[in-house]
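S.K.: One structure coming up, written as structure tokens, with questions to follow.
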Amino acid sequence: MVDLDSEVPPLPPRYRFRDLLLGDQGWQSDDRVQVEFYMNENTFKERLKLFFIKNQRSSLRIRLFNFSLKLLSCFLYIIRVLLDDPTQGLGCKELNWSCSNQNYTPGTIDWSPIIWVNRSLPLWGLQVSVAVISLFETLLLSYLSYKGNIWEQILRIPFLLEIINAVPFIITIFWPVLRNLFIPVFLNCWLAKHALENMINDLHRAIQRTQSAMFNQVLILISTLLCLIFTCICGIQHLERAGNRLTLFDSLYFCIVTFSTVGFGDVTPKIWPSKLLVVIMICVALVVLPIQFEQLAYLWMERQKSGGNYSRYRAQTEKHVVLCVSSLKIDLLMDFLNEFYAHPRLQDYYVVILCPTEMDAQVRRVLQIPMWSQRVIYLQGSALKDQDLLRAKMDNAEACFILSSRCEVDRTAADHQTILRAWAVKDFAPNCPLYVQILKPENKFHIKFADHVVCEEEFKYAMLALNCICPATSTLITLLVHTSRGHTAPWEAFRQLTGTKQTSNRESQQSPEQWQKMYGRCSGNEVYHINLEESTFFAEYEGKSFTYASFHAHKKFGVCLIGVRKEDNKNILLNPGPRYIMSSTDICFYINITKEENSAFKKQEKHRKNHESKLSYHGASRLPVHSIIASMGTVAIDLQDTGCRGASGATLALPAQGGREGRRPSIAPVLEVADSSSLPTCDLLSDQSEDETTPSDEEGSAGFEYAKGYPPYSPYIGSSPTFCHLLHEKVPFCCLRLDKGCQHNYYEDAKAYGFKNKLIIVAAETAGNGLYNFIVPLRAYYRPKKELNPIVLLLDNPPDMHFLDAICWFPMVYYMVGSIDNLDDLLRCGVTFAANMVVVDKESTMSAEEDYMADAKTIVNVQTLFRLFSSLSIITELTHPANMRFMQFRAKDCYSLALSKLEKKEREKGSNLAFMFRLPFAAGRVFSISMLDTLLYQSFVKDYMISITRLLLGLDTTPGSGFLCSMKITEEDLWIRTYARLYQKLCSSTGDIPIGVYRTESQKLTTSESQISISVEDWEDTKDTKEQFSCRGNHRNSTSSDQSDHPLLRRKSMQWARRLSRRAPRHSAKTAEKINQQRMNLYRRSERQELAELVKNRMKHLGLSPAGYDEMNDHQNTLSYILINPSPDTRLELNDIVYLIRPDPLTYVPNAGPSRKNSFCNTVGQDTREETQL
């Protein structure tokens, strides 16, 4: 039996090889019908129309041929005029007319020279040929374009001109007598103009490119003007054959003089036909030319709005970058230009702005400044259109910056626009580097192909989180990413504004200008990079440990080495620790005033002995203050602490005093190569600060056990995994609600929880995915358990379930639905027990009719918090940096007003950070995300800045890279004395790298007349000024009075102060000033007491205990500022907070670590586990 499945059927005939070669002959027998399409185009007329009109290339050739014929006819006319002699009277004899060869006489006109001309036979033949061809072409095109209305074709001006110029020549073929008849062939110039316009249109269609409308309009205007002049020249010359018999040059001279309104009068028409022609031509010019000029002016204005084009030649010979924005504001533009052109090597670059909106008045005024008009080109267009990208020459650009519009109400929609722009640019110019700014972190993975990406909410929340544990981190990062040479405050101008006179007493050394000088000078520090083998700073430290290189580079050159990158690795390591050995191919990252290439090195060996003899000595040790490291042979050296470092920080206790009494404590040297025996070998995955001791009953009853690991759930794609403190089991969603009890707990306010550490409250509108980045840095694994602050999210809108699912694994994270507008909500969420209050700018208020009013609600709410809870540290985010002057506003504070005038002077000088001397910004209490726009701009020159910033903020965690933390200088730590000795102590004992100091000082401004003089022009009321100065000095020492609690007693006290002031003698100015100060202090304290009573009453109404509310403890008489990489001889002061880059603890984990009980770390005493001590 044959297997049917294995039998292969034969191929059909049309698939056989023979049929493929000879053709398939069997299709004729099929029922199929062959259909031919577009039969209407097979007619002769349609084929001619396709060739002469529809086909762009053939039509272009036809119009070019027609244009050439018209120019040839005009050229033949000029030849005929040059060869003609009007005195011969040709044509009169053939028609038996009487021709007069006499000269012109006034009042009589001889028409024969006008009617008849001298035309030679060859010239006549050429003109007849041109006329026949032109007429045939015109008739053919009219026939092909005929659509049913013949009169429309006949009455067209080009057709009539063609009939006038061509038909008479054809008549002369059949009637030779009229061969010398005058024919106005010069009118063919108008037909040439018409053919030129059609030819340009066909040219654009043929090459598939749209030329500038300005070019077309200018071409039409020039051709119209030339046709008018040529027509007038030829007409005047011909009519004056019966008059002055002018030459072509004389006619040209006359026309130019006439149309230019000069009118010398030396050449004038003599007969009335010539005069009539001049009148007609002037009237035509007055009608036609203004219309052309109006269209040209309109196009010019539109081009000014759209910005024109960036030429291909300039793109190939010059360097330019493209800035794509949805709407261009003056603040954004100036921030970009100031930061971009702050780098010397970018001075020759051009900036092409591509924006879909029209340029506003402020931007136009700025771009008209010569400084920017020669380097900035504004193009109105969309990045989604290839034509606009071609106008900007995106394919030749050095970089493309795509910025999101943060003022949009729907920030997600703004991100979607940014994503499409990035895709369009990548599709059009794949090799162009992309620098993209995105708003929402969940949209970041769409643009991972970009070279550099800055996510606004990621950076914002991480920076605000670090502000709570490392004060003024936002100011630190802002100063590092801004290009600056250091803002040294002009104290002379400041002294004139405040009216302060310098004195020779000791208190003048602590005058307010000192902090401005130090703060301004240190603000010029930036992050730079250099190859180690090419560096003068670090070349000598090849083969030595990173900690040794960092300390000695700071000791010798004053630079702060913070990180390295291996040649074969793209990851940057911040402070890899003493185990890292420097290699010649390493890229070093350091903080300094300027980069090494711009520094000069001067040896001071000759002056060293003289300098040492002049050093000032302090204390019993008789050693210089600026001493950095003790010599090996003269002082005792403490061995490095070989105990394990707790997670809370390094062990930097005072060394034990040995030998002679009175000798200054010494500091161990920094070893070139770390000793393996001195390095900790304990299991740092466990928190030693808690595990080493037996927990108390109270701690044991709490029952909270934390684990360390990666968060199991991330709210968005693209978040960097971070090792964190986590709960063993996730918290039920009902337990995350702070103000409502559930079946698991009955707490309804923050006081009932009994937190040991103070709260961190975040007031936001919605629980966006970016808020996840606020929690992660505060729960990072290197934060000690005992130092974890509870986090309360005060949200206007309830959070989504996926957000709760992400935060339920973190310990001590709660949320509450409420608003900072409501005092009850603030009290319930524990504002009286909070260490920091973070106020995030609301998205719904970012858009306002007046741009700078977007922060109005936030500023007023923060001001209310500042008045009600003066001891609360409030960190505020604003949309516009210019509004930070309203933070903690005091209308009668002359010091703040003087800083305001100082800011104006800095802005007039062109400072990039004119607001840096504002007290809220210097103290890190206010922040605007627009300050970080410069981070994206700096990445064009420093491509590592985004990576370093992310590492500092904890957004990225690279194995072996350190993290940012801080330590506080206590009274026990003042024996270190100087910043250089602190640098050595940290490097030698723990491997930490200090990068700056956060200093808080009291405003000790005296009120004596020898120091303060307020002019009437500057200050409205001298009384208010003296009140402010006195309040700063005495307010902290003031105590609450029972009288101030009662309005009646308060009024009596005020009346007593007024009567006392009236009884005082008028000549005693000091007595009046003192009384005035007392009266204003009473008034000020009474206002604060009223606010305190309001808060206490609301707490009692809500059933809360007012015990934690301290109405008199405030920080209004202090100022804080940052010193980035201060000089080595900077004296440490009490309560200074030092910024540290601490090595990654995971780098010290051994391969086979011992158990926790048998760990060597358990031998460390209890006194080394609390906090960092010196």
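The values are calculated or read from the model by the stated rules, or taken from the named source; none is laboratory data. Remember, it's a predicted structure, so these values are computed and weren't measured experimentally. Note that each Cβ is placed from the backbone with ideal geometry, even for glycine, and that neighbours are counted across all protein chains shown. The area values use the complete protein model at the heavy-atom level, side chains included, leaving out ligands, DNA and RNA. Shrake-Rupley method; radii C 1.70, N 1.55, O 1.52, S 1.80 Å.
Yes or no, residue by residue, for (1) closer than 16 Å to Lys730 by Cα; (2) open to solvent by less than 10 Å² (accessible area, probe 1.4 Å):
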position	(1), (2)
Val762	no, yes
Gly768	no, no
Asn773	no, no
Pro777	no, yes
Tyr781	no, no
Met801	yes, no
Phe810	yes, yes
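S.K.: Within the set of pairs 6+ apart or on separate chains, which have a first residue in region 756-775 that is among the basic types (Lys, Arg), a second that is open to solvent by 10 Å² or more (accessible area, probe 1.4 Å) and in a loop (DSSP other than H, G, I, E, B), and C-beta atoms under 8 Å apart?
M.R.: Correct list of pairs: Lys758/Asn789.
S.K.: Answer with yes or no whether Ser523 is open to solvent by less than 10 Å² (accessible area, probe 1.4 Å) and at pLDDT 90 or above.
M.R.: no
S.K.: Hey, does region 437-450 have a residue that's at pLDDT 90 or above, open to solvent by 10 Å² or more (accessible area, probe 1.4 Å) and part of a strand (DSSP E or B)?
M.R.: yes
Per-residue answers, yes or no, for (1) hydroxyl-bearing (Ser, Thr, Tyr); (2) at pLDDT 85 or above:
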site: Lys45; (1), (2): no, no
site: Phe51; (1), (2): no, no
site: Ile79; (1), (2): no, yes
site: Leu82; (1), (2): no, yes
site: Asp85; (1), (2): no, no
site: Trp97; (1), (2): no, no
site: Ser100; (1), (2): yes, no
site: Asn103; (1), (2): no, no
site: Ser112; (1), (2): yes, no
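S.K.: If you don't mind, another one. Only one residue in Asp395, Asp410, Asp415 is free of Cβ contacts under 8 Å to residues at least 24 places away in the same chain and closer than 22 Å to Val453 by Cβ. Which one?
M.R.: Asp410
S.K.: List the pairs whose first member sits in region 235-250 and is open to solvent by 20 Å² or more (accessible area, probe 1.4 Å), whose second member is of a type in the set (Ser, Thr, Tyr) and assigned to a helix (DSSP H, G or I), and whose Cβ atoms are under 7 Å apart, counting only residues at least 6 apart or on separate chains?
M.R.: Leu239/Ser274
S.K.: Could you grab the pairs with beta carbons closer than 6 Å, sequence gap of 6+ or different chains, first residue in region 52-69 and of a type in the set (D, E, K, R), second one in a helix (DSSP H, G or I)?
M.R.: Sorted first by the residue in region 52-69, then by its partner, the pairs are Arg57/Ala206; Arg63/Ala195; Arg63/Asn198; Arg63/Met199; Arg63/Asp202.
S.K.: May I pose another question? Yes or no: Val425 buried (at least 23 other Cβ atoms within 10 Å of the Cβ), assigned to a strand (DSSP E or B) and under 21 Å from the mean Cα position of the chain (by Cα)?
M.R.: no
S.K.: If you check Gly754, Gly770, which single one turns out to be more than 26 Å from the chain's Cα centre (by Cα) and either of a type in the set (Gly, Ala, Ser) or modelled with pLDDT of 90 or more (or both)?
M.R.: Step by step, each of Gly754, Gly770 is checked, and only Gly754 is more than 26 Å from the chain's Cα centre (by Cα) and either of a type in the set (Gly, Ala, Ser) or modelled with pLDDT of 90 or more (or both).
S.K.: Looking at Thr172 and the list (1) modelled with pLDDT under 85; (2) open to solvent by less than 30 Å² (accessible area, probe 1.4 Å); (3) hydroxyl-bearing (Ser, Thr, Tyr), which single condition is not satisfied?
M.R.: Failed condition: (1).
S.K.: Could you give every pair whose Cβ atoms fall below 6 Å, whose first residue belongs to region 695-714 and is of a type in the set (A, V, I, L, M, F, W, C), and whose second residue is at pLDDT 50 or above, counting only separations of at least 6 or pairs across chains?
M.R.: Within 6 Å, the pairs are Ala707/Leu726; Ala707/His728.
S.K.: What's the total number of residues in region 732-760 that are within 10 Å of Leu793 (Cα to Cα) and open to solvent by 10 Å² or more (accessible area, probe 1.4 Å)?
M.R.: Looking only at that region, the number is 1.
S.K.: Next up: Just one of (1) open to solvent by less than 10 Å² (accessible area, probe 1.4 Å); (2) closer than 14 Å to Thr722 by Cα; (3) within 22 Å of the chain's Cα centre (by Cα) trips up Ser939, so point out which.
M.R.: (2)
S.K.: Restricting the search to region 347-379, which residues are under 20 Å from Arg391 (Cα atoms), surrounded by 14 or more Cβ atoms within 10 Å (Cβ to Cβ) and of a type in the set (Val, Ile, Thr)?
M.R.: Val351, Val352, Ile353, Val376, Ile377
S.K.: Taking region 977-991 on its own, how many of its residues are part of a loop (DSSP other than H, G, I, E, B) and either within 18 Å of Leu476 (Cα to Cα) or of a type in the set (S, T, N, Q) (or both)?
M.R.: Total satisfying the criteria: 1.
S.K.: I need a count of the residues in region 527-564 that are outside any loop (DSSP other than H, G, I, E, B) and either closer than 20 Å to Pro576 by Cα or in contact with a Ser or Thr (Cβ under 7 Å, 6 or more places away or on another chain) (or both).
M.R.: Of the residues in that region, 26 qualify.
S.K.: If only one of Lys270, Lys275 is assigned to a helix (DSSP H, G or I), out of contact with any helix residue (DSSP H, G or I) (no Cβ under 6 Å at 6 or more places or on another chain) and surrounded by 15 or more Cβ atoms within 10 Å (Cβ to Cβ), which one is it?
M.R.: Lys275
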